[in-house]
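These notes are about the structure you will find just below.
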Amino acid sequence: MSNKNDQVTLSLAMMVKDEERFLEDALLSAKSWVDEMVVVDTGSSDRTVEIAKDCGAEVSYFEWPNNFSLARNETIKRSKGNWVAILDADERFRGDHPHRVRELLKPSKAWPYQAIMLNIINQRLDGSTTHTFFSPRIFPRHPDLGYYGRIHNCFGSLSKKDLQEFEFLHCNGLEIVHLGYDKEVYHSKNKEERNLVLLEAAVREEPEIDRYRFYLGREYLLLERYEEAIKMFSSVFELAKVDPLCFRETNVAYLQCLYYMNAPFETLLGKAIQIIETTPNEANAWYLLSMAYEKHGYPNDSIEALKQALKYIDDFDVNLQTSNIQADRAKAEIILAQHYAEQEHSQAEAREWYYKAWSHLSPQDKQWKHLVTHLLTWSINQREVDLLKQILKTLAEDLHGLHLQEVFLMGLKKLAQQDSKRHALKLLKFAIKAQVNLRVDPRFIQLLKDLRS
């Protein structure tokens with residue numbers, strides 16, 4: 001089945017241990033569009049194995065080798081498909097039509113050194129996004145392809161450990177939501193201790209490997225142990241040989257540390273400029289620079305830096321680890337829209353950025369209520385009926401738990417006043433049908449009467 005001319009078959013490959021909390025959702029997110037689900041258990045003591053079997057997975061056992069790459073490569077070996085999709089139990093695939101990714105599974109001139117990059121969205125349990133990045137998660141099953149490294153394993157050629165010969169294709173119609181960095185999940189699974197032990201061991205065993213030092217520094221950063229993070233990131237720069245991507249990511253993480261430590265503005269500015277001079281399209285550096293300018297009272301410079309961050313945000317060749325700007329994209333676009341809205345001759349630019357913000361805003365955003373209220377208010381004031389309709393339709397589908405009833409009510413009234421009474425009535429009927437609580441709310445009952453009159 002490994003021949004590139006065979007019919008495409010796709011295996012889900014997963015390693016697990018004590019994952020009864022998340023496993024079912026992970027498997028169900030893939031079940032309808034993969035040909036088999038291979039789950040390799042490394043010593044569960046809960047219902048993990050039972051759940052995997054109930055979901056239709058092929059389950060086998062592998063003794064935990066204290067090395068993530070060895071365990072993950074074993075899942076690939078036990079798969080039968082000629083392509084493999086990698087997923088962890090605390091992740092799930094998300095997309096309107098996930099099966100369409102199979103259309104991309106075609107041999108190229110780079111065969112077998114090709115892979116599909118998926119956007120990994122790190123979310124908290126409340127649905128808010130912390131950071132995102134692209135990662136190769138679907139690739140041909142081939143003896144020379146797999147993972148290396150004790151922890152935070154790297155994908156690539158097992159013989160050359162070099163990604164230069166690879167062809168990567170970004171897939172925007174399918175993404176992976178990862179819940180493992182939620183603080184409650186992270187603490188409950190004791191990931192801090194596990195990761196620190198493995199990373200510190202990796203740095204001791206292979207002190208010349210730059211990525212282990214970077215990941216250990218990032219672990220300290222996640223734990224808000226900023227001094228230790230700075231020290232570890234600095235040690236990366238002292239190595240004789242550093243991978244360019246690791247160097248860039250370490251620089252940005254170092255800048256993050258400085259920002260969260262409230263370092264002197266001159267220090268922040270110097271580091272940001274150093275990064276940008278080397279990599280002008282590093283979106284995260286521009287974004288952190290924008291926040292620093294805003295914090296220290298330079299609003300105009302903050303806006304200019306923010307424009308640069310948004311200019312380069314979709315440059316995937318550089319911004320693979322978009323830890324800040326992607327998560328705050330809609331917020332950043334609204335800030336920029338507000339800036340243009342305040343200028344008499346820049347209303348067209350303001351309108352463009354408001355529409356972009358709405359296209360990127362999600363109910364999972366931490367500031368969803370605040371941002372959608374702002375967008376709704378702007379669309380009402382500017383008589384942007386098309387945007388108003390889009391926002392109200394989204395709200396009509398689900399107001400539960402969002403506490404946006406007042407905003408929805410205000411929007412419907414304004415829509416009715418703007419010669420769209422029939423559309424307002426249609427949206428209200430839809431919302432009342434979908435949400436029982438609105439049927440007994442006197443405000444919506446009265447509005448329904450008014451719109452029908």
Ranked highest first by the average count of other Cβ atoms within 10 Å around their residues, in what order do 62-72, 435-445 fall?
62-72, 435-445
Degrees, to the nearest 10: 68-77 long Cα axis against longest axis of the chain:
90 degrees
Evaluate the relative contact order of the stretch 49-185 (contact order divided by residue number), counting alpha-carbon pairs under 8 angstrom at least 6 apart; express in whole percent.
33 percent
Taking just the alpha-carbon atoms of the stretch 77-228, what radius of gyration and Dmax come out, in angstrom?
16.8, 47
Compute the distance from the alpha-carbon center of the stretch 286-310 to that of the stretch 349-400, in whole Å.
24 Å
Residues 335, 176 in order from fewest to most other beta-carbon atoms within 10 Å are 335, 176
Compute the relative contact order of the stretch 351-453 as a whole-number percentage, counting only Cα pairs closer than 8 Å that sit 6 or more residues apart in sequence.
22 percent
Full extension from residue 301 to residue 126: what is 0.36 nm times the residue separation minus their Cα-Cα distance, to one decimal in nm?
59.6 nm
Counting pairs on different chains as well as pairs 8 or more places apart, how many Lys pairs in the stretch 10-181 have Cα atoms under 25 Å apart?
22
Once you charge only the Cβ atoms, +1 for Lys and Arg and -1 for Asp and Glu, what is the size of the charge dipole of the stretch 354-453 about its Cα centre, to the nearest 20 debye?
320 debye
By how many nm would the segment from residue 386 to residue 197 grow when fully extended, if each residue of separation counts as 0.36 nm and the alpha-carbon distance is taken off?
62.6 nm
What distance in nm separates the simple spin-label points at residue 449 and residue 377, each placed 7 Å from Cα in the Cβ direction?
3.1 nm
Viscosity 1.306 mPa s, temperature 10 °C, Stokes-Einstein D of the stretch 184-303 from Kirkwood C-alpha radius, µm²/s:
105 µm²/s
Rounded to a whole number of µm²/s, how large is the Stokes-Einstein D of the chain at 4 °C and 1.567 mPa s, given Rh as the Kirkwood radius over C-alpha pairs?
53 µm²/s
In terms of the charge dipole of the chain, which places +1 on Lys and Arg and -1 on Asp and Glu at the beta carbon, the residue among 394, 360, 181 farthest towards the positive end is 394
Please give the contour-minus-distance gain from residue 187 to residue 53: 0.36 nm per residue of separation, less the Cα-Cα distance, rounded to one decimal in nm.
45.5 nm
Taking Cα pairs closer than 8 Å and at least 6 residues apart, the relative contact order of the chain in percent is 10 percent
Protection proxy ranking, peptides 93-104, 34-45, 222-233, average beta carbon neighbours within 10 Å, highest first:
34-45, 222-233, 93-104
Looking at the P(r) of the stretch 246-289, how many percent of alpha-carbon pairs lie beyond 13 Å?
43 percent
Lys, Arg +1 and Asp, Glu -1 on Cβ, resulting dipole of the chain about Cα centre, debye, nearest 20
1680 debye
Which residue, chosen from 52, 209, 140, occupies the Cα position most advanced towards the positive end of the dipole of the chain, where the dipole is computed from +1 (Lys, Arg) and -1 (Asp, Glu) charges on Cβ about the Cα centre?
52
In the stretch 10-181 the DSSP beta bridges are antiparallel at a rate, in percent to nearest 5, of 45 percent
Taking 7 Å along the Cα-to-C-beta vector as the label spot, tell me the residue 276-residue 237 distance in nanometres, rounded to one decimal.
1.8 nm
Rounded to the nearest 10 degrees, the helix 210-222 long axis (Cα) sits at an angle to the longest Cα principal axis of the chain of 40 degrees
Of 262, 289, 375, which is farthest along the charge dipole of the chain in the positive direction, counting Lys and Arg as +1 and Asp and Glu as -1 at C-beta?
375
Neighbour-count ranking [beta-carbon atoms within 10 angstrom, fewest first] of 385, 197, 84:
197, 385, 84
Distance between Cα centroids, the stretch 270-284 to the stretch 14-38: provide it in whole Å.
40 Å
Taking 125-134, 201-210, 371-380, 148-157 and ranking on average Cβ neighbours within 10 Å, highest first, one gets 371-380, 148-157, 125-134, 201-210
Under 23 Å between alpha carbons, and skipping anything fewer than 8 positions from residue 393 in its own chain: which lysines qualify?
331, 356, 366, 369, 413, 414, 421, 426, 429, 433, 449
Computed over the chain: longest principal axis from alpha-carbon atoms vs helix 385-397 long axis, angle to nearest 10 degrees, is 70 degrees
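Just so you know, all these numbers are worked out from the coordinates, no wet-lab data involved. As the structure is a computational prediction, the values presented were derived from the model and not from experiment. Here the Cβ is made from the backbone with ideal geometry for all residues, glycine too, and neighbour counts use every protein chain on show.
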